[in-house]
There are 2 protein chains.
Amino acid sequence: MLKTAIDLDRAAMILKLLGDKTRLTMVKILDNHDCCVCEFVEIFKVSQPSISQHLRKLKDVGLVKEERRGQWIFYSINKNNEHYPFTLQVLNQLPDQDYKLRELEEKGNRITCC
Amino acid sequence: MLKTAIDLDRAAMILKLLGDKTRLTMVKILDNHDCCVCEFVEIFKVSQPSISQHLRKLKDVGLVKEERRGQWIFYSINKNNEHYPFTLQVLNQLPDQDYKLRELEEKGNRITCC
DNA sequence: TTAGTATATAACAATTTGCTTATATATACA
DNA sequence: TGTATATATAAGCAAATTGTTATATACTAA
């Protein structure tokens, strides 16, 4: 049994969470960078509540955590979460998504907002 | 970039497929054994159409293939499929599900049926 | 204190999902 | 050939999902 072994029910639950393009991209980005809600709104071009709801789902299983910094709330990966090792094995197979953050920076939106 | 790199849209699509307890278990079992529909019906205790519909989804993306053997149709993993390497990285983290087949054998249902 | 910004939550509509039952098709065998 | 078995497909339904708009909350700064 691998160190990352996870029971099948929980694995299915995590895969379902990751099986959404928006959330999968979020988690991939968060694995390398903290981000706030407004950045994701800009990246995914959907409403702010939609982003908050995706983040809520990720937070509910403990995969991400939030931290207020003044006016903003920053999300980050909770690398201590029991499901993180399993998740990481998935993330490691995905192409880097950091170019999305770089595009924000070039437009000045990363600095302005967060 | 890993050899198994997969574009993010496709990854999300595959993860969504695997993010169902029934399908995830099916694929895990099929990775080691060919199975026919009636075995899955027995294992999962759901209707035969429900099993067929799950298998259909897996077949539609090419992850499994079917082969008629007389009265029965056997499903197996399509290890040549473009999404198999990605899928395998997920499967390798899951606990073995072969005990479910052994339970069938003990009840005589594996031999009788297939 | 008041206005503006960032975020969360509630309520709702449209879509998707996963099951069921009914039925069609294909094979096996008496 | 006629009947039984294995599977697929169609149709219908309830629950879940994902987006939206409206609104509440919390912080910042004038």
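The values are calculated or read from the model by the stated rules, or taken from the named source; none is laboratory data. Note that the structure is predicted; figures quoted are calculated from it, not measured. No Cβ is skipped: glycine too gets one built from the backbone with ideal geometry, and neighbour counts run over all protein chains shown.
What the table below lists for this structure:
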quantity	calculated
Test: residue in region B:35-54 that is within 14 Å of another protein chain (Cβ to nearest Cβ), closer than 28 Å to A:Lys28 by Cα, more than 10 Å from DNA strand D (Cβ to nearest atom) and part of a helix (DSSP H, G or I)	no
Residue match in region A:85-93 (condition: buried (at least 19 other Cβ atoms within 10 Å of the Cβ), of a type in the set (Val, Ile, Thr) and outside any helix (DSSP H, G or I))	no
Residue in region A:14-29 that is within 13 Å of chain B (Cβ to nearest Cβ), touching a Gly at 6+ places or on another chain (Cβ under 9 Å), more than 11 Å from DNA strand D (Cβ to nearest atom) and modelled with pLDDT of 95 or more present	yes
Complete set of residues in region B:14-40 that are within 9 Å of DNA strand C (Cβ to nearest atom) and more than 10 Å from the chain's Cα centre (by Cα)	B:Lys16, B:Leu17, B:Gly19, B:Asp20, B:Lys21
Residue within region A:78-96 that is over 22 Å from B:Ile14 (Cα atoms), within 11 Å of chain B (Cβ to nearest Cβ) and touching a residue at least 24 places away in the same chain (Cβ under 8 Å) present	no
Odd one out for B:Leu8, checked against (1) surrounded by fewer than 19 Cβ atoms within 10 Å (Cβ to Cβ); (2) at the interface with another protein chain (Cβ under 10 Å from one of its Cβ atoms); (3) more than 15 Å from DNA strand D (Cβ to nearest atom)	(3)
Residues of region A:55-71 satisfying the condition of being in a loop (DSSP other than H, G, I, E, B) and more than 11 Å from DNA strand D (Cβ to nearest atom)	A:Val61, A:Gly62, A:Leu63
Candidates B:Val37, B:Val61, filtered to the one that is of a type in the set (Val, Ile, Thr), surrounded by 16 or more Cβ atoms within 10 Å (Cβ to Cβ), free of Cβ contacts under 8 Å to residues at least 60 places away in the same chain and closer than 20 Å to A:Val90 by Cα	B:Val61
